Amino acid sequence: MSDNAEPQGRFRRSNPLSWRVRLALAILLGVAIATIWVTHLLLTDRFTETTRNRAELRLALYSGNLVSELRRNAIVPQLLARDPALIGALNGADYSQSSQRLISYVDEIGAASLMLLDAEGRTVAATDRNRLGERHADAAYFTEAMRSASTVFTSIPREAGGYQFTYSRRVESQASPVGVIVVEVDLAKFERAWAGISDAVMVTDSDDVIILATEPRWRGLKPEVALERQPPTGAIERAIQATADWTAQDADAYLRGEAVMRINGRIPFRGWTLTTFTTYASVRERVNAVLALEIMGFALLAALAFYALSRRTALRMALFQRESDELRKLNARLSREIAERERVQKNLAVAEQSLAQSSKLAALGEMSAAVSHELNQPLAAMKTYLAGARLLLNRNRPDEALSAFHRIDDLIERMGAITRQLKSYARKGQQDLTPVDMADALASSLSMMEPQLKARRVKISKILPDAPVRVLGDRMRIEQVLVNLLRNALDATKSVAEPQIEILLAAGETATLSVRDNGHGIEEMEALFEPFYTTKAPGDGVGLGLAISSGIVNELGGRLTARNGENGGAVFEMQLPVLNQQSQAAE
């Protein structure tokens, strides 16, 4: 009996030891979690406040440097406007030594460039000799300086990106303005200096528009719009980081998918604001370092407890060894998979770059074709007017020739408007719309097509209402659509013995302008408004007229349709919303 009783007693004594070990481990785990959590909260607040204080100090330093540079350059125009040599050069129109004099000043002043403009806005002296002879009569720094008796500050967006900052002041001789001195301030050097730090920095003007930034794509945008430009993976990265990082904060903003603290500071200059975005990386690193030490300490304590209380260490070590071998094998397999994924991602990146380049080349081709198409009509009209003016001059009729030259000047202005419209293609919707009389727009379009109509002897029939028909739009672009429709009708009647074009303007719920011809009609109606679709001979057209016209009408809130007439020929209808009293008051 005694032999059997001993094993049972051992079994009974082992049970209390087992639950005590479990209780001790549970208590140790609870203390570890509480300690780590409290440490996390305290150190996060402390290190976050330290990081914020440092960011505020950097912001004050950046603001001071910026204001110092602006104030240092602000006094330069006032001094140069009193320079007797420059005043004498403007009075005597002798600028042989003026550029050299400005060059001798620019190194001492530290400005980006200096320019001397005469009373007509022409550059007569400059530190950059390539700018001599430029016209600045319409520039804000010239017109405002001529009107003001004090120094004028202007910030103008550059076409190549960024902003141009200038101080200008008029130069007076005997209380009369004889020119303007312009000092360009190099604030871009601060962007280059800020780009070398980990923080993101931006400066906004009084209209809350970003004028300086370490992120070039931010310039010219509102801060809210700029911060929304996150990469597609930004949301996924933020979600993973928020769940995996113990020190995740309530971020002021997200920059490149990473949480940042935002600090704003007023600049004592024209209502400007300086904003810095500082990451929580230093906070996370310092807090995680302390937490890692604590975790390591509790891990060592737990390991000692397991070693002291467990009598199966050898077996468990063998088990761990096997698991370690399996993990190493798994790690090697994962490493191979990661390498394969990286190779696939690199190939995908190369393919995306090739696709992007192809898209750019395609867009460039379409833009070149659009320019060629839209400029053909004014060029043809200019050629006809020049030939007529030459005959009138030979016949000693200069007054009538001058009228032709006026029309050529209008066509040149129209060509300039077309190129400006095509250059601003990426910013559609920002142009101001004005009331347009459809009858006036039609008359202007017919005037442009007058040489072709007279050469072909086309019969034009117009049916117009007695009351004016007005729409809200861009007159130049509406005329562009009308010229394209008239030109298509003219081309469609080339093979007709008696070409006729009928124009009907009606007003109801919409303003409807119809252009009918007696040609052979439309064969492929489905592809009519597609780019580069044309039935003309090579060299007569590129197939962009109707595509561009349809896009213009759609942007103005209307629609352009086409059909074949009952008696043959094609009918194009342009429908635009009528500008009545209620819509005009609302606009």
- Item | Residues (open to solvent by 30 Å² or more (accessible area, probe 1.4 Å) and among the aromatic types (Phe, Trp, Tyr)) located in the stretch 133-145 | none
- Search result, residues across the stretch 260-290 that are open to solvent by 40 Å² or more (accessible area, probe 1.4 Å) and part of a strand (DSSP E or B): Arg262, Asn264, Arg266
- Query: Within the stretch 109-127, can one find any residue that is more than 29 Å from Pro157 (Cβ to Cβ) and free of Cβ contacts under 8 Å to residues at least 40 places away in the same chain?
  - Reply: no
- Filtered residues of the stretch 372-406 (kept if within 19 Å of Asn484 (Cα to Cα), modelled with pLDDT of 75 or more and open to solvent by less than 90 Å² (accessible area, probe 1.4 Å)): Pro378, Leu379, Ala380, Ala381, Met382, Thr384
- Which residues, counting only those in the stretch 460-492, are under 18 Å from Phe572 (Cα atoms), outside any helix (DSSP H, G or I) and not hydroxyl-bearing (Ser, Thr, Tyr)? Ile460, Lys462, Ile463, Leu464
- Item | Selected residue [open to solvent by 100 Å² or more (accessible area, probe 1.4 Å), in a helix (DSSP H, G or I), within 26 Å of Trp272 (Cα to Cα) and at pLDDT 80 or above] from Leu66, Leu57 | Leu57
- Query: Which of the residues belonging to the stretch 105-132 are open to solvent by 60 Å² or more (accessible area, probe 1.4 Å) and assigned to a helix (DSSP H, G or I)?
  - Reply: Asp107, Glu108, Arg129, Asn130
- Name the residues in the stretch 164-185 that are of a type outside the set (Gly, Ala, Ser) and at positive phi, would you? Gln174
- Task: Residues being closer than 14 Å to Asp118 by Cα and open to solvent by 80 Å² or more (accessible area, probe 1.4 Å): count how many of those fall in the stretch 82-95.
- Result: 2
- Can we say Phe320 is closer than 30 Å to Glu49 by Cα and at pLDDT 75 or above? no
- Sole miss for Thr535 among (1) surrounded by 17 or more Cβ atoms within 10 Å (Cβ to Cβ); (2) at pLDDT below 85; (3) of a type outside the set (Gly, Ala, Ser) is condition (1)
- Message: Exactly one condition in (1) modelled with pLDDT of 80 or more; (2) open to solvent by 30 Å² or more (accessible area, probe 1.4 Å); (3) part of a loop (DSSP other than H, G, I, E, B); (4) touching a Ser or Thr at 6+ places or on another chain (Cβ under 7 Å) is false for Val496; which is it?
- Response: (4)
- Query: Looking at the stretch 446-481, which of the residues that are in contact (Cβ under 8 Å) with a residue 60 or more places away in the chain and touching a strand residue (DSSP E or B) at 6+ places or on another chain (Cβ under 8 Å) is nearest to Ser549 (Cα to Cα)?
  - Reply: Val481
- Would you mind stating whether Arg46 is loosely packed, with under 13 Cβ neighbours inside 10 Å, at pLDDT below 85, over 25 Å from Phe190 (Cα atoms) and out of contact with any Pro (no Cβ under 6 Å at 6 or more places or on another chain)? no
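The values are calculated or read from the model by the stated rules, or taken from the named source; none is laboratory data. No experiment lies behind these values; they were computed from the predicted model shown. Neighbour counts are summed over all protein chains in view; Cβ atoms, including those assigned to glycine, are modelled from backbone coordinates with ideal geometry. With ligands, DNA and RNA removed, areas are computed over all heavy atoms of the protein, side chains included. Shrake-Rupley method; radii C 1.70, N 1.55, O 1.52, S 1.80 Å.
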